[in-house]
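Quick notes on the structure that follows.
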2 protein chains.
Amino acid sequence: MTNRVFLYDTTLRDGAQTSGVDFSLRDKQLIAAELAAFGLDYLECGWPGANPLDDAFFEGLPAEKTAQAKIVAFGMTRRLDTAAEDDAQVQALLRSRADAVCLVGKTWDFHVDVALHISLAENIKLIESTVKAAADAGKEVLFDAEHFFDGYAANPAYALECVEAAYKSGARWVVLCDTNGGTLPHQVFDIVTKIQERIPGANLGIHCHNDTENAVANSLAAVRAGARQIQGTFNGLGERCGNANLASIIPTLMLKMGFETGIAPAQLQQISLLSRRIDDRINRPHNRHAAYVGESAFTHKGGLHISAVLKNPLSYEHIDPALVGNARKILVSDQAGKSALVERLQGLNVALPTEPARLNDLLARIKELEFEGYAFENADASFVLLAEQVLRALPPFFTLKHFRVIDEKTVTPAGGIETASSAAVRVSVDGTDYTAETTGNGPVNALDAALRDVLLPLFPALKDVSLIDYKVRILTPHDGTKAVTRVLIETRDADGRLWTTVGVSSNVIDASCKAVEDALRYKLLRSQKAG
Amino acid sequence: MTNRVFLYDTTLRDGAQTSGVDFSLRDKQLIAAELAAFGLDYLECGWPGANPLDDAFFEGLPAEKTAQAKIVAFGMTRRLDTAAEDDAQVQALLRSRADAVCLVGKTWDFHVDVALHISLAENIKLIESTVKAAADAGKEVLFDAEHFFDGYAANPAYALECVEAAYKSGARWVVLCDTNGGTLPHQVFDIVTKIQERIPGANLGIHCHNDTENAVANSLAAVRAGARQIQGTFNGLGERCGNANLASIIPTLMLKMGFETGIAPAQLQQISLLSRRIDDRINRPHNRHAAYVGESAFTHKGGLHISAVLKNPLSYEHIDPALVGNARKILVSDQAGKSALVERLQGLNVALPTEPARLNDLLARIKELEFEGYAFENADASFVLLAEQVLRALPPFFTLKHFRVIDEKTVTPAGGIETASSAAVRVSVDGTDYTAETTGNGPVNALDAALRDVLLPLFPALKDVSLIDYKVRILTPHDGTKAVTRVLIETRDADGRLWTTVGVSSNVIDASCKAVEDALRYKLLRSQKAG
């Protein structure tokens, strides 16, 4: 049995079913390029003929294949009343520029009956003829056996007949799908073992969903039983509870189970970054607790753990985080703090000071601010501004000398409700004071608008800078409405650059204002450096 | 082999290691009460003697045991140079009001060496004497075998000797811990099978971490191999990648694997709500894709799926969502809504209307408000107010006809910062308008104070009503500062009663104000009913 496991990514097809996720064409193209560069074997990128977005994606593929990864078009077996040659859906697949075609078909007798309303024998014919047509058209063919595990439980002979028909008709891969996600790892292991009496493991794939939080274990169980292809998505994107998470599966396969994949060991160090970039591109918060790739995956909080980890990382780490491009995080005092600080400054391209004592000043300032409730871990831009200010007396660009925000709500005699928010600011730039007053949709929006009114004429770089994410966290919630508030704001410019800033105050408006100010200042700092 | 699996929850101890999670004493007490009512067997609630919070928790326990759940104090084996009788840490455990004591000890020779710097034989003595002292003190004893799987891989004879020493010294349970989270399900299965040559499965527990996204599968593998206790946390809280997620494990054990637990099948229907309430209490967004309990766990997006699901839910659902108190979500109208509504009203002691048609009005109003961003799941008090208003034309008690909130911040010429928040309100009570104007620590605090200035003289029942928790969530973060904001406020009165209200608006001040108004109105409603 070969030791090579093939990795099949369906982030851009099954992952698109995630509630709240909506890929643009450019998202798809950029993510596909990153996945291909990483070393995945197959990229299922959509369903040509099903929607204009997927059509555009496949039409935009280069005529000549360049990457190692095979691009896969997803579709389904032909309709009963039409030959494969005349079935528009099938023909769209075969005409596409995809290297391979993945055909989903029924293998559960119950579904053949209630969903297709055709006979069991007719369904077998659909599978055979569609697979054959695709193979004849020169495509590599995969057969996705929908509901295979439920089908096998209900009628094993028929489920086997279906997948064997696909295999004998020319499918390179028969992929066993746990479509409803209800199968458990030991069941997957037993069934995949059994199937190999009919189809070699080297031609079997596995496709799992996470409805019992076992999608990763199910995928690994199938490979241990002999299957040699895993289908999954990055970060477990997918309908309901998601698909099997490749970001967890790949390191386990390579680092713990001794399997080979198309990914070079050195390339595996890109997986943390890749996982975060995909979430970033679709504006989804990255799971900081994700296995291997999460920000907290190697963070040590308990005191006992820390001293042991410092003596020997193996004490409390199952792998070296560098192998997956992640990093140990230890929450300790000055000694470790300073080297971590230097590492972070270098990572953010902040020049180190010529006087090393300045680093102590910065460390002290960070601790003061953290005590007030600041957290710079997720606010790189505020961190850079603070560092530049302490280490090199960064010019402030502008000083907000005064703001006044008014929120008003009135119930009219007729019972209607009128709300109004307005903000007035006085801002000093190079010794001159400027004022502006605007209204807005809520107090923070009004304040943001007023600041821009003053600053845009003076700093044209701020054009096209837009706030795209706004998060509020209450830090001491048990003081009721006197709680301290931390606001994180994410901002984007016209070049697609993203940065995050933070503000803290007992007043939510003031906290928001600080984060907005930093967001604008960071853009000015970058423009200054670029100029 | 018994079919009964014991469930051990460590949300309040190991879960407290989650980065960003910070339980208050009240959080711990309330969460413990909810977990106990749910039917869990053991609740590990902290480490008496380790910090003032945990001391206060254990000191606050009732002298007489009331719930089925056993409260467990966590601690470690004694120090080498001190007898158990003289070891302050051990004695704090034994003196505590806990029913059981969980002692963590080393079983990996490497750790005995690098962390404890003692001989292997000495470590065995620590285990034996500490377990014996706890058993002699009348506590049920659990031994948490730290790093057991790594230890077993490195030196199986020694790892076995450690756990056998604990078992023979009187530990009711020997819990095998995958402390670093790197062990895979098939390895867990093999090792747990093997250990039973020495310790019966009925005395074995499993404690897994999610560093390879296999903590659930590892826990289930141990039970399949014969272990009869699972340790985990709700929502997978815990250090790094978290602990094994009980919210996923429990339904699988009960619905798919035929095991019995202390949880009645009808009680299992509370698991979705319980899971969400725990996250809510610690102001953590609930994972909408969580297995079984997530908002999207039974959401059908694909059109093909929906028609099949409507024909027969089994087509695309691995279990009936009602079994875990979750609900199918498809983008069509929901018959189940009305019966769920009646159930909830009865649970909250809201009298049902004499005209059943009023229930439709309430259902329609709830849907409208949910569309705006309201969520009543965790805001019982706002839900009751809404129901009373729609079903029975609840008197409004007071109407806030106008508010104006001013926030001002000034940088003085000397560089000092002055902030001020003030609020003015006009409130109508029984046809008379009253006004007040106050300052506060932040805009919401000022508004709250102004409302009370008007209302307290008119409604003495509002005396001693205090806001104790305040949470802000941004619902449409991708609109930047124009996002819709949902505020949840928890309030307490002098009798210790707690209630939660909700407000939604694109203006954070307005959202907060609505939640504050509801908080006060709910108190007035209760007083009226009591009077």
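The values are calculated or read from the model by the stated rules, or taken from the named source; none is laboratory data. Everything numeric here is computed off the predicted structure, so don't read it as measured data. Glycine also receives a Cβ, built like all others from the backbone with ideal geometry; neighbour counts cover every protein chain displayed. With ligands, DNA and RNA removed, areas are computed over all heavy atoms of the protein, side chains included. Shrake-Rupley method; radii C 1.70, N 1.55, O 1.52, S 1.80 Å.
A few comments on the model shown:
- Dipole in debye (nearest 20) - the range B:6-263, about Cα centre, beta carbon charges: Lys, Arg +1; Asp, Glu -1: 540
- Here's the list of lysines a cross-link from B:LYS463 could span, going by alpha-carbon distance under 18 Å and ignoring same-chain residues fewer than 8 apart: B:LYS523, B:LYS529.
- Of the peptides B:184-195, A:84-95, A:111-122, the ranking by mean beta-carbon count within 10 Å, highest at the top, reads B:184-195, A:84-95, A:111-122.
- Test item: Cα-centred dipole of the range A:168-250, Lys/Arg +1 and Asp/Glu -1 on Cβ, debye: 380
- Prolate/oblate/rounded call for the protein assembly as shown, Cα gyration tensor, a/c under 1.5 rounded: rounded
- Computed accessible area, B:HIS289, all protein chains, 1.4 angstrom probe, square angstrom: 30
- Cα-only radius of gyration and Dmax that characterise the range B:398-458, units Å: 14.0, 50
- The charge dipole of chain B, taken about the Cα centre with unit charges on the Cβ atoms of Lys, Arg (+1) and Asp, Glu (-1), comes to about 1380 debye, rounded to the nearest 20.
- For B:GLU85, the distances from its label point to the matching points in the remaining copies are 9.6 nm, ordered from shortest, with each point set 7 Å beyond Cα toward Cβ.
- Between the range A:236-260 and the range A:4-74, the C-alpha centres lie 18 angstrom from each other.
- Segments B:9-18, A:491-500 sorted - mean Cβ within 10 Å per residue, highest first: B:9-18, A:491-500
- Scaled radius of gyration (Cα, divided by 2.2 N^0.38 Å) that the range B:345-452 gives: 1.50
- Shortest-first distances to equivalent copies, position B:LEU348, nm, label 7 Å out along Cβ: 4.5
- Inter-chain neighbour count for A:110-117: the average number of beta-carbon atoms from partner chains within 10 Å of each residue's beta-carbon is 3.
- Bins of 5 Å from zero: percent of alpha-carbon pairs in the range B:146-225: 3, 17, 31, 28, 15, 6, 1
- Centroid-to-centroid separation of the range B:86-110 and the range A:405-473 [C-alpha atoms, Å]: 57
- Here's the list of aspartates and glutamates a cross-link from B:LYS401 could span, going by alpha-carbon distance under 19 Å and ignoring same-chain residues fewer than 8 apart: A:ASP407, A:GLU408, A:GLU418, B:ASP430, B:ASP433, B:GLU437, B:ASP448, B:ASP453, B:ASP510, B:GLU517, B:ASP518.
- Test item: B:16-23 mean partner chain Cβ contacts at 10 Å: 4
- Charge context of B:GLN91, other residues only, Cβ under 10 angstrom, K/R +1, D/E -1: -1
- For q = 0.08, 0.15, 0.18 Å⁻¹, Debye-computed log10 I/I(0) when each Cα of the range A:40-185 counts as one equal scatterer: -0.21, -0.73, -1.01
- Across peptide A:405-415, the average count of Cβ atoms from other chains found within 10 Å of a residue's Cβ is 6.
- A simple packing score, the average count of other Cβ atoms within 10 Å per residue, orders the peptides A:382-391, B:44-53 as A:382-391, B:44-53, with the highest score first.
- Reported to the nearest whole Å, the Cα centre-to-centre distance from the range A:173-199 to the range B:161-177 is 37.
- Ranking by accessible area, most exposed first, for A:HIS318, B:HIS300 with a 1.4 Å probe: A:HIS318, B:HIS300
- Residue-level accessible surface for B:SER169, protein heavy atoms, 1.4 Å, Å²: 30
- Ranking of A:LYS338, A:LYS168 by solvent-accessible surface, largest first: A:LYS168, A:LYS338 (1.4 Å probe, protein heavy atoms only, all chains present).
- Cα principal axis extents for the range A:6-263, largest first, Å: 46, 43, 32
- Sorted shortest first, the distances from the A:ALA420 label point to those of the same residue in the other copies are 2.1 nm; each point sits 7 Å from Cα along Cα-to-Cβ.
- Here each label is just a point 7 Å from Cα along the line to Cβ, and for B:MET1 and A:ASP280 those points are 4.8 nm apart.
- Close amide H partners of B:GLU146, meaning residues 5 or more places away or on another chain with modelled amide H under 5 Å apart, are B:GLY105, B:THR107.
- Convex hull volume of the range A:416-531 per residue (C-alpha atoms, cubic angstrom): 127
- In chain B, the alpha-carbon atoms span a convex hull of 200 Å³ per residue.
- Distant-in-sequence amide H partners of B:GLY238 (H built 1.01 Å from N, under 5 Å): B:THR18, B:ASN243
- Selected from A:GLY373, A:PRO185, B:PHE110, residue furthest toward positive end of dipole (the protein assembly as shown; charges at beta carbon): A:GLY373
- Scanning residues 5 or more positions from A:LYS70 or on other chains, those with amide H under 5 Å from its amide H are A:TYR42, A:LEU43, with H placed 1.01 Å from N in the peptide plane.
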